[in-house]
1. How high is the FRET efficiency between A57 and F115 when r is their beta carbon distance and R₀ equals 30 Å, given to the nearest 0.05?
2. Net charge near A39, counting Lys/Arg +1 and Asp/Glu -1 over other residues with Cβ under 12 Å of its Cβ?
3. Quick one: putting +1 on the C-beta of Lys and Arg, -1 on the C-beta of Asp and Glu, what dipole do you get for region 8-143 around its Cα centre, in Debye to the nearest 20?
4. Any idea how many Lys pairs in the chain come in under 23 angstrom at the alpha carbon, given 8 or more places apart or on separate chains?
5. Grab the beta carbon distance between E131 and D103, set R0 = 22 Å, and tell me the FRET efficiency rounded to 0.05.
6. What order, most packed first, do the peptides 10-18, 106-114 have when packing is the mean number of other Cβ atoms within 10 Å of each residue?
7. Pick out, in residue order, every one of the trypsin sites (Lys or Arg not before Pro) in region 29-105 that is DSSP loop and has at most 16 other C-beta atoms within 10 Å; say none if there are none.
8. Hey, what's the Cα Rg ratio for the chain versus the globular rule of thumb, 2.2 N^0.38 Å?
Amino acid sequence: MTSDARKTRIFLIEDNDDHAELVARSLETAWQRLELERAPDGESALKRLFELRDLAAADPGVLPDLVLLDLRLPKVDGLEVLRRLKEDELLRPVPVVVLSSSDEDGDVARAYERFANSYVVKPLDFSRLGELLDELGAYWLDVNRKPRHA
């Protein structure tokens, strides 16, 4: 887990309740000081992330440490969410990991064209999903060096 005392903030954008529950349980098992926020569609995700961006002017610590993004979302699809996040100067540094059931080359290419930080295919097996999320968290939240907030 990260070395500072504050909770690790993860923003999950996932429309499938079962998948969201599996992700939440896996993350909560691996990360005791976790603050997980979920948006069930692209529209509400963008609304909330831009609210956090506005609050970050006074307190940069309100931004998520990591965004986990599904591609197939209602209202606004994941690729559009990704595009809008990476176009914004304050949200751009937040790592976005596409966590999708799609293994199609076109989806992977389009995600990286929109500056995804990583693309991970969701395994169907729950125990493998838990291992994968632990590995993702270890890398993005412990190993990866992020810029310090002023």
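1. 0.85
2. Around A39, the surrounding residues sum to -3.
3. Once rounded to the nearest 20, the dipole reads 320 debye.
4. Lysine pairs meeting both conditions in the chain amount to 8.
5. With R0 = 22 Å, the Cβ-Cβ based efficiency is 0.75.
6. Order by mean packing, descending: 10-18, 106-114.
7. R33, R72, K75
8. Dividing the Cα radius of gyration by 2.2 N^0.38 Å gives 0.97.
Here, each number is a calculation from the coordinates, and none is a lab measurement. Since the model is a prediction, treat every value here as computed from it, not as a measurement. When we count neighbours, we look across all protein chains shown, and the Cβ atoms used for this are built from the backbone with ideal geometry, even at glycine.
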